[in-house]
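Colleague: Starting off with a structure, shown below.
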Amino acid sequence: MRADSPGHSAKYGSYTMMNLQSNSVIDIQLIQSSEVGNSVRMEKEGFIRSLTMLEEKGVKVQAIVTDRHTGVQKYLREEKKDITHYFDPWHMGKGMGKKIDGLAKKKITQDVGQWRKSVVNHLYCHWLGKEQGSGSSQAQQHAKD
């Protein structure tokens with residue numbers, strides 16, 4: 001999801017759906033915040049519109065990779081139970097890095113800051129290694145939780 005301004009006050013947002021096997025963009029949805037009530041709801045709406053368009057064209061979506069947007073997670077969990085949901089490792093690493101940064105600001109846990117780069121890199125390498133066929137990834141399974 002890309003918005004016309006940072007934060008949660010965007011007027012427009014675009015949602016892009018890609019086919020990761022062919023590395024090609026298969027749909028782009030433009031959403032105006034007034035269509036959905038507020039800018040926070042734009043990402044979920046863009047996702048639903050893209051997925052609906054694919055299904056109407058006969059595409060059977062078996063698995064999908066998204067960021068960790070709670071509205072999209074809930075929609076997939078409740079409405080599209082047959083689609084396996086994975087989280088984008090970049091967003092997972094970003095979230096993990098922010099949590100480590102928060103811990104590093106506290107005197108009692110400041111030493112964990114030295115491990116930030118290694119922990120985030122390990123997450124990426126673990127994911128990429130598993131994606132290349134060396135086994136099943138625990139990181140992928142977190143989407144089900």
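Colleague: For the stretch 15-33, what are the residues that are open to solvent by less than 40 Å² (accessible area, probe 1.4 Å) and in contact with a Gly (Cβ under 9 Å, 6 or more places away or on another chain)?
Modeller: Those that are open to solvent by less than 40 Å² (accessible area, probe 1.4 Å) and in contact with a Gly (Cβ under 9 Å, 6 or more places away or on another chain): Tyr15, Met17, Gln29, Ile31, Ser33.
Colleague: From the residues in the stretch 87-99 that are under 9 Å from the mean Cα position of the chain (by Cα) and surrounded by 18 or more Cβ atoms within 10 Å (Cβ to Cβ), which one is nearest to Val61 (Cα to Cα)?
Modeller: From the stretch 87-99, those under 9 Å from the mean Cα position of the chain (by Cα) are 87-92; that's our starting set.
With the extra rule that they be surrounded by 18 or more Cβ atoms within 10 Å (Cβ to Cβ), the set shrinks to 87, 89, 92.
Details: Phe87: 16, Pro89: 20, Met92: 23 Å.
Among them, the one singled out is Phe87.
Colleague: When you check Asp145 against the structure, is it within 15 Å of the chain's Cα centre (by Cα), at pLDDT below 95 and surrounded by fewer than 14 Cβ atoms within 10 Å (Cβ to Cβ), yes or no? So that I can check it myself, show each step before the final result.
Modeller: Values: within 15 Å of the chain's Cα centre (by Cα): yes; at pLDDT below 95: yes; surrounded by fewer than 14 Cβ atoms within 10 Å (Cβ to Cβ): yes.
Judged against the criteria, Asp145 is a match.
Colleague: Only one of Val72, Val65, Val120, Val61 is in contact (Cβ under 8 Å) with a residue 40 or more places away in the chain and within 20 Å of the chain's Cα centre (by Cα); which?
Modeller: So the residue among Val72, Val65, Val120, Val61 that is in contact (Cβ under 8 Å) with a residue 40 or more places away in the chain and within 20 Å of the chain's Cα centre (by Cα) is Val65.
Colleague: In this structure, is Phe47 in contact with a Lys or Arg (Cβ under 6 Å, 6 or more places away or on another chain) and surrounded by 15 or more Cβ atoms within 10 Å (Cβ to Cβ)?
Modeller: no
Colleague: Only one of these conditions is not met by Val36: (1) closer than 18 Å to Tyr86 by Cα; (2) surrounded by 14 or more Cβ atoms within 10 Å (Cβ to Cβ); (3) of a type outside the set (Ser, Thr, Tyr). Which number is it?
Modeller: Answer for Val36: the failing condition is (1).
The values are calculated or read from the model by the stated rules, or taken from the named source; none is laboratory data. Because the structure is predicted, anything quoted here is derived from the model rather than measured. Reconstructed Cβ throughout: ideal geometry from the backbone, glycine too, with neighbour counts over all protein chains shown. Surface accessibility is based on the protein's heavy atoms, side chains included, excluding ligands, DNA and RNA. Shrake-Rupley method; radii C 1.70, N 1.55, O 1.52, S 1.80 Å.
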